[in-house]
Amino acid sequence: VEGRSWIAMGDPIGPPDVRRELAWQFRERADAHGARASFYEVAASELPVYLDLGLVLRKLGEEARVPLATFSLEGPRHAKLRHARNRMQREGCRFEVVPAAGVPPLLDEIEAISAQWLAHKNTREKRFSLGCFDRAYLARLPLAVVRRDARIVAFSNLWLGGEREEMSIDLMRYGEDALPAV
């Protein structure tokens, strides 16, 4: 619950008829409390249910899948990425993945970067659909870092899939002295 909004993370779970009924119950309970019902990150196959509820669809973001085994920076399509990487290397930047066991000694440094990022963006931690800076949480995960010389200037935590075939990022932050990518 946030203000007058009741937000469900994802679709209701269960057989199709049960999911539909749960969505209606959620909407009715929100209405009874003078609140707005919202469903976040729902399946495209379930959109008719939400339209039947009288809700409005809003696209909030995108998801990308990159097959790393075949990805290349070659060719005109990736020229901007290639130029950004080359500039970072010229400026003394390097990318590194730190295993979870190596993260605790970096927490003070990345917390300062996170605070700078929040201040620069004039925002606060979201905590619902995105991660937030939490030392215990970040210490359990590998960390991708960009170092400029010896200092960390950007970081992201890494979620590894159970089969170690997929990876995603959650929290992504950069400091004031990070170079613009392009």
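The values are calculated or read from the model by the stated rules, or taken from the named source; none is laboratory data. Computed from a predicted model, the values in this text were never measured in an experiment. When we count neighbours, we look across all protein chains shown, and the Cβ atoms used for this are built from the backbone with ideal geometry, even at glycine. The accessibility values were calculated without ligands, DNA or RNA, using every heavy atom of the protein model including side chains. Shrake-Rupley method; radii C 1.70, N 1.55, O 1.52, S 1.80 Å.
Quick look at the numbers
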{"read-out": "Residue check, Pro105 in a loop (DSSP other than H, G, I, E, B) and either open to solvent by 50 Å² or more (accessible area, probe 1.4 Å) or of a type in the set (A, V, I, L, M, F, W, C) (or both)", "value": "no"}
{"read-out": "Top-ranked residue in the stretch 134-160 [being in contact with a strand residue (DSSP E or B) (Cβ under 7 Å, 6 or more places away or on another chain) and over 12 Å from Phe95 (Cα atoms); ranked as modelled with the lowest pLDDT]", "value": "Leu160"}
{"read-out": "Residues located in the stretch 50-74, provided they are under 17 Å from Asp31 (Cα atoms) and out of contact with any Ser or Thr (no Cβ under 9 Å at 6 or more places or on another chain)", "value": "Tyr50, Leu51, Asp52, Leu53, Gly54, Val56"}
{"read-out": "Scope the stretch 161-182; condition part of a strand (DSSP E or B), touching a residue at least 60 places away in the same chain (Cβ under 8 Å) and either of a type in the set (Val, Ile, Thr) or within 19 Å of Ala100 (Cβ to Cβ) (or both); matching residues", "value": "Arg173"}
{"read-out": "Qualifying residue in the stretch 79-87 (condition: surrounded by 12 or more Cβ atoms within 10 Å (Cβ to Cβ) and not in a helix (DSSP H, G or I))", "value": "no"}
{"read-out": "Yes/no for Gly14 being of a type outside the set (A, V, I, L, M, F, W, C), under 22 Å from Trp159 (Cβ atoms) and either open to solvent by less than 40 Å² (accessible area, probe 1.4 Å) or modelled with pLDDT of 95 or more (or both)", "value": "no"}
{"read-out": "Test: residue in the stretch 62-79 that is modelled with pLDDT under 95, under 19 Å from the mean Cα position of the chain (by Cα), under 23 Å from Ser156 (Cα atoms) and aromatic (Phe, Trp, Tyr)", "value": "no"}
{"read-out": "Ala43 vs. criteria touching a residue at least 12 places away in the same chain (Cβ under 8 Å) and either among the charged types (D, E, K, R) or surrounded by 12 or more Cβ atoms within 10 Å (Cβ to Cβ) (or both)", "value": "no"}
{"read-out": "Residue check for Arg173: charged (D, E, K, R), within 26 Å of Tyr40 (Cβ to Cβ) and surrounded by 12 or more Cβ atoms within 10 Å (Cβ to Cβ)", "value": "yes"}
{"read-out": "Output for the stretch 19-36, where each listed residue is within 17 Å of Leu51 (Cα to Cα) and open to solvent by 40 Å² or more (accessible area, probe 1.4 Å)", "value": "Arg19, Arg20, Glu21, Leu22, Trp24, Gln25, Phe26, Arg27, Glu28, Asp31, Arg36"}
{"read-out": "In the stretch 120-141, residue farthest from Val97 (Cα to Cα) [restricted to those that are over 15 Å from the mean Cα position of the chain (by Cα) and open to solvent by less than 80 Å² (accessible area, probe 1.4 Å)]", "value": "Thr123"}
{"read-out": "Matching residues, the stretch 83-118, being in contact with an Asp or Glu (Cβ under 8 Å, 6 or more places away or on another chain) and more than 18 Å from Arg173 (Cβ to Cβ)", "value": "Gly92"}
{"read-out": "Condition check for Leu158: part of a helix (DSSP H, G or I), open to solvent by less than 30 Å² (accessible area, probe 1.4 Å) and within 30 Å of Pro67 (Cβ to Cβ)", "value": "no"}
